[in-house]
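One structure below.
The values are calculated or read from the model by the stated rules, or taken from the named source; none is laboratory data. Remember, predicted model here, so these are calculated numbers, not experimental data. Neighbour counts run over all protein chains shown; Cβ positions are idealised from the backbone, glycine included. We work out accessible area using only protein heavy atoms, side chains counted, and drop any ligands, DNA or RNA first. Shrake-Rupley method; radii C 1.70, N 1.55, O 1.52, S 1.80 Å.
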There are 2 protein chains.
Amino acid sequence: MPHPADSLLVRALHGERGTRPPVWFMRQAGRSLPEYRELRVGTRMLDACLTPDLAAEITLQPVRRHRVDAAVFFSDIVIPLRLAGIAVEIEPGRGPVFENPVRTAADVARVTAIDPDVVAANAAPVRDAVRLVASELAATGTPVIGFAGAPFTLAAYLVEGGPSKEHLRARAMMHADPAAWHRLAGWLAEVSRRFLTAQTEAGASAVQLFDSWAGSLSAADYRAFVAPHSRRALEGATVPAIHFGVGTAHLLTDMTLGGVAAGVGIDWRTPLDTAAGILGSGVTLQGNVDPALLQAPWPVLEAHVRDVVERGRAARAHIVNLGHGVPPEADPTVLTRIVEFVKELR
Amino acid sequence: MPHPADSLLVRALHGERGTRPPVWFMRQAGRSLPEYRELRVGTRMLDACLTPDLAAEITLQPVRRHRVDAAVFFSDIVIPLRLAGIAVEIEPGRGPVFENPVRTAADVARVTAIDPDVVAANAAPVRDAVRLVASELAATGTPVIGFAGAPFTLAAYLVEGGPSKEHLRARAMMHADPAAWHRLAGWLAEVSRRFLTAQTEAGASAVQLFDSWAGSLSAADYRAFVAPHSRRALEGATVPAIHFGVGTAHLLTDMTLGGVAAGVGIDWRTPLDTAAGILGSGVTLQGNVDPALLQAPWPVLEAHVRDVVERGRAARAHIVNLGHGVPPEADPTVLTRIVEFVKELR
């Protein structure tokens, strides 16, 4: 029986080039799929994430439909915070909203007093869901990618109390009260770590750390206030890790976290050959199909994907993906066509 | 009587270093000021922009309060589109919303059939407002900066029909229908040009082109689909121009528009000495105080502003400003304190 450790994805993360690059899509499970929208009727987002058979089924939908080379566990970056007992909901059309924003040193003390092990203790629904997915995929050896938010992106939501454009409050805390910042980010790193471990113990063959908002930081702030915590979230993982951000052209080297990340996500702004030139041969690249081009006629998109794959050859290995998540309004048949196209490449 | 052409700001744009750098703030006129919020009660945003005495008074408020080295004309990037007869409103808390998004080649044909000269013909309220401001400031020689949105940022709103995160539809049009894109962006360049000319004819001593969303583009797309139109919007201006974007670390050289921009805006992500190293001695830098630090205790903010000014010495000249607009929730007394601090520098 094929084993996930021998999959194109895991081998690519170990730096091996197969006959073709593996392909999957961030947010492949979710709103772009009619079967997902149908299944979610009547269930709130975070409840869906914590209902094992529902989360497993949602995770599997895009694997069945698109025949991608990996499942990515359907979850939300705030799930470990909810498992830690923090009051949070996803407001449709807005994003995660916290009942009590974490803005002062006292707020930070209140939150970080929670033992991160509580996350592991409460993670049974996560473990169960990943186990269901891994067992369902065992016949094909398709790997499951575990999922967690990085400390900065989590803190950006937590400090702001919800989504924000330039994450002013979290970035202000770094400078206004560095001790409180490091305490919060350090705690979040432990929480993300427990959440990833729950998934790898249940059968995830790789993990991805999402630092979606890292691009809002200067390199100096990233190095001083963020990188050590993201590194801690991934250190000691038993499977290879992908580290993802958007608008991080100025942070690419830092995002390898000193070699802890086996793969680094590249958005559509930086051509992969440029990224490979910067990052060298120690890391695998993932991305960088422009989500905007999902709306373009197929010949335009095909030429773009071909160009992405060709430039990706400059890296030690390349995992085809979008530069950011699948937009909710994307036409899923276009995603399937990209997978078919990549699978025909030699 | 002092003349605006001899002001620290205009001289800095010509590459001259005065005894200290000039200082002003993007969005200094607006929601951070209680006197603005009071004045705006009962008047819609775009109506306020087109009521000469109101727009003039709003433009002058921060000059009186903060004693900044320049007024920036209070307007909105969609004003020239309204002057062209396009139906648009500002929805509070959301941004500009267009009644008819411009998505197809037919939509583009409909919009670009409007003669850009209509903008000039309808710009009397803009000219009157700028004249009032310039006359009020004549005694001190404080310059007025004219204001316009760049073609890409305008197109991002127009194609999407409102604000969007990664401007997928506008970026898709570039590749899906390049002819329609260039027609639209070329028309927007002419519109921005007319709008800037109305302001310079009425007494603006410099202009700033806001391409707030340019950072969402790869350098290749920026060069092929955007730069020629932004350049066209500024070419032949009778006063020096500042070109502004956010998240543009990967586009800095392109944003000089081949020398057409006398100044380039730098956000908080790129240290000014790094930017000066990339851009050389042909351009003045503006920015890059981190808006997040407006929330930090004064000693932290003071050290940051001092560092910004010191790094700015690597450029031929530097205009102190934030890396993006004043956040609506900013404490205006902090902005005043920055001005006082910069004015004491030698």
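What number of residues within segment A:212-226 satisfy the criterion of being assigned to a loop (DSSP other than H, G, I, E, B), more than 15 Å from the chain's Cα centre (by Cα) and buried (at least 24 other Cβ atoms within 10 Å of the Cβ)? Before the answer, list the steps.
Going residue by residue through segment A:212-226, those that are assigned to a loop (DSSP other than H, G, I, E, B) are A:212-213, A:217-218.
Then drop every residue that is not more than 15 Å from the chain's Cα centre (by Cα), which leaves A:217-218.
Still in the running and buried (at least 24 other Cβ atoms within 10 Å of the Cβ): A:217.
Result for segment A:212-226: 1.
Which ranges mark the helices (runs of 4 or more DSSP H) fully within segment A:75-185 that have 1 or more residues being away from chain B (no Cβ under 14 Å), open to solvent by 30 Å² or more (accessible area, probe 1.4 Å) and without any contact (Cβ under 8 Å) to a residue 24 or more places away in the chain?
A:105-112, A:117-121, A:124-137
For segment A:194-211, which positions are β-branched (Val, Ile, Thr) and open to solvent by less than 10 Å² (accessible area, probe 1.4 Å)? Steps first, answer last, please.
Narrowing segment A:194-211 to residues β-branched (Val, Ile, Thr): A:197, A:200, A:207.
The answer is A:VAL207, and nothing else.
Here is a list of conditions, (1) open to solvent by 10 Å² or more (accessible area, probe 1.4 Å); (2) closer than 17 Å to B:MET26 by Cα; (3) within 14 Å of chain A (Cβ to nearest Cβ), and B:PRO332 meets all of them except one; can you say which number that is?
Exception for B:PRO332: condition (3).
Within segment B:230-266, track down each residue that is more than 16 Å from B:GLY146 (Cα to Cα) and touching a His at 6+ places or on another chain (Cβ under 6 Å).
B:VAL246, B:ALA249, B:MET255 - these are the residues of segment B:230-266 that are more than 16 Å from B:GLY146 (Cα to Cα) and touching a His at 6+ places or on another chain (Cβ under 6 Å).
Name, by its number, the condition in (1) over 29 Å from B:LEU158 (Cα atoms); (2) under 19 Å from the mean Cα position of the chain (by Cα); (3) assigned to a helix (DSSP H, G or I) that does not hold for B:ASP69.
Every listed condition holds for B:ASP69 apart from (3).
Could you please find all residues in segment B:30-52 being free of Cβ contacts under 8 Å to residues at least 12 places away in the same chain and not in a helix (DSSP H, G or I)?
Within segment B:30-52, B:VAL41, B:GLY42, B:THR43 meet the criteria.
Tell me, please, whether a residue that is of a type in the set (S, T, N, Q), under 23 Å from B:ALA198 (Cα atoms), within 20 Å of the chain's Cα centre (by Cα) and surrounded by 18 or more Cβ atoms within 10 Å (Cβ to Cβ) can be found in segment B:27-47.
Keep residues of segment B:27-47 that are of a type in the set (S, T, N, Q), which gives B:28, B:32, B:43.
Okay, now just the ones that are also under 23 Å from B:ALA198 (Cα atoms), so B:28.
Right, trim to within 20 Å of the chain's Cα centre (by Cα) and you get B:28.
When the remaining residues are screened for being surrounded by 18 or more Cβ atoms within 10 Å (Cβ to Cβ), the result is B:28.
Yes, segment B:27-47 has at least one match.
Could you tell me whether A:GLU166 is among the acidic types (Asp, Glu) and more than 30 Å from A:LEU13 (Cβ to Cβ)?
Working: among the acidic types (Asp, Glu): yes; more than 30 Å from A:LEU13 (Cβ to Cβ): yes.
The answer is yes for A:GLU166.
Take the residues in segment B:88-114 that are over 24 Å from the mean Cα position of the chain (by Cα) and acidic (Asp, Glu), then tell me which one is modelled with the lowest pLDDT. Spell out the reasoning first.
As a first pass, look at segment B:88-114 and keep what is over 24 Å from the mean Cα position of the chain (by Cα): B:99-100, B:103-110, B:113-114.
From what is left, the residues that are acidic (Asp, Glu) are B:99, B:107.
Working: B:GLU99: 95, B:ASP107: 98.
Among those that are over 24 Å from the mean Cα position of the chain (by Cα) and acidic (Asp, Glu), it is B:GLU99.
Restrict the check to segment A:63-73 and report whether at least one residue is farther than 24 Å from A:ARG169 by Cβ and free of Cβ contacts under 8 Å to residues at least 40 places away in the same chain. Walk me through how you get there before you give the answer.
Residues of segment A:63-73 farther than 24 Å from A:ARG169 by Cβ: A:63-73.
Restricting the remaining residues to those that are free of Cβ contacts under 8 Å to residues at least 40 places away in the same chain gives A:64.
Scanning segment A:63-73 turns up at least one residue that is farther than 24 Å from A:ARG169 by Cβ and free of Cβ contacts under 8 Å to residues at least 40 places away in the same chain.
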